[in-house]
Amino acid sequence: MVRPVVVGAIAFLGFGAVTQAAKIRKLERSPNYSACSWPVFGNHPSWTPDGTKILYAKTDGSFQTVRPRDGSSQRLTPTGQNFGKDPVLSPDGAKIAYVDPQGNVAIIRLQPLDLTPTVIAPGDDPAWSPDGKRLAIGDKPGSSGSGVTVVDIDGSNAHTVATNAVYHDADPTWSPNGALIAFNGYTRSNELAIQLVHPDGTGLHSLDPKSDQGFSTDQVGVDPSWSPDGRSIVYTHVLPAYLPAEIHIVRSDGGGDHRLTHNVFVPNTNSTGRDDYSPLWAPKGKQILFLAGPSNNTSWVGRDVGRLWLIDSNGRGKHPVAPRCVFGTGERDVLGGVAGRGHIFALEGNDLVLAQDHRRETVNCGAGRDTAIVDGIDSINRNCETVRRR
């Protein structure tokens, strides 16, 4: 779980009576994230190994990280230098694999810093093996293939493990123990569904056992990502096509499928509203990163650009990754203000907000029994049950 800004332990007693309403402005009850500015927009985001930052490609092809707790960012490659897309950090955090503008999977080093690319192989959607020694990649855009290839990071020992991947959008991902690779593929009845295969190319099967028996699958989806314990897979559910895309979680044996996000269908219009897609489980297992964008029910091939959002794996704590704001989770958090981030959203849980820092801030405590210890100049939402000041 991404940790909130922890200020430290503090006792509730001894802070005096609850501040009168006249001394602290009250805001509307419903969260309004517009004050946070636009959520971060990026391509193919991925977590850093420690789960504290998110790596993504900007529209100019440079790579940048952002802290999900407060939207603060750090550029890793020079502005104006187009490295490409689909960046993903190695398990040790020392290297980035990505797709260059020519459609080749390449690697650059961060530790020690060396931005000279090493080209590995033509391909797309690179994914590191858990031991950092191999990559799983989809076929190069513009090629005639629809396969998944496993290759050593020096470019040797390349071998195809599947040929039924989605054309130019395989999006492979390794299980935490390295025993399986999940990818976007087609079933024996030519339905779009998550496929699983061993790294040596054996044991190809659908995530939904029914489809391997010739039955129609309910798990029509793409963009698989494993939970850290390997027991579950989060993915983008895209059926029926006229409804908004949603994030689903399913057990790795194909059972227990359930919806995580809930978008609203807009009838009698040409749009279904918002789609949620490209989920990615955080390394510590508590949160899931995903992209959000205007609905697109015509094609899912290659859709990996959008606004960054987070949600707890239990469906709580949904919020954007955005500058100017500090966010909690769906559990109990201790949150403090951050310079330049004037808005605090504690979200669900019985939270403690410590914003007595002589800066003007707005505080939205969310659901739960919450306490906010603040300055007199702060604006406090009505959902903060207890408000105190020194």
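Things worth noting here:
- Remark: pairs (first residue in the range 289-311, under 12 Å from Ser278 (Cβ atoms) and buried (at least 22 other Cβ atoms within 10 Å of the Cβ); second residue at pLDDT 75 or above and of a type in the set (Asp, Glu); Cβ separation under 7 Å; 6+ apart in sequence or on different chains) = Phe290/Asp276.
Condition check ((1) modelled with pLDDT under 85; (2) over 17 Å from the mean Cα position of the chain (by Cα); (3) on the phi < 0 side of the Ramachandran plot) across all residues:
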position	(1), (2), (3)
Pro279	no, no, yes
Ala282	no, no, yes
Gly285	no, no, no
Val301	yes, yes, yes
Leu310	no, no, yes
Cys325	no, yes, yes
Thr329	no, no, yes
Arg332	no, yes, yes
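- From Ala22, Ala35, Ala57, residue being of a type in the set (Gly, Ala, Ser) and modelled with pLDDT under 50: Ala22
- Inside the range 28-52, residues that are buried (at least 21 other Cβ atoms within 10 Å of the Cβ) and either among the charged types (D, E, K, R) or without any contact (Cβ under 8 Å) to a residue 60 or more places away in the chain (or both) make up a count of 0.
- Within the range 159-170, tally of residues that are under 11 Å from Ala136 (Cβ atoms) and not in a strand (DSSP E or B): 1
- Qualifying residue in the range 70-92 (condition: crowded, with 17+ Cβ neighbours inside 10 Å, under 19 Å from the mean Cα position of the chain (by Cα), under 20 Å from Thr329 (Cα atoms) and among the acidic types (Asp, Glu)): yes
- Residue under evaluation Gly368, criteria (1) of a type outside the set (A, V, I, L, M); (2) in contact with an Asp or Glu (Cβ under 7 Å, 6 or more places away or on another chain); (3) crowded, with 24+ Cβ neighbours inside 10 Å, criterion not met: (3)
- The lone criterion from (1) touching a residue at least 12 places away in the same chain (Cβ under 8 Å); (2) surrounded by fewer than 19 Cβ atoms within 10 Å (Cβ to Cβ); (3) assigned to a strand (DSSP E or B) left unmet by Gly155 is number (3).
- Checking Ser379 against (1) among the small types (Gly, Ala, Ser); (2) in contact with a Leu (Cβ under 6 Å, 6 or more places away or on another chain); (3) buried (at least 24 other Cβ atoms within 10 Å of the Cβ), the condition it does not meet: (3)
The values are calculated or read from the model by the stated rules, or taken from the named source; none is laboratory data. Quick caveat, the model's predicted, so the values are computed rather than measured. Note that we place each Cβ from the backbone using ideal geometry, even for glycine, and neighbour counts take in every protein chain shown.
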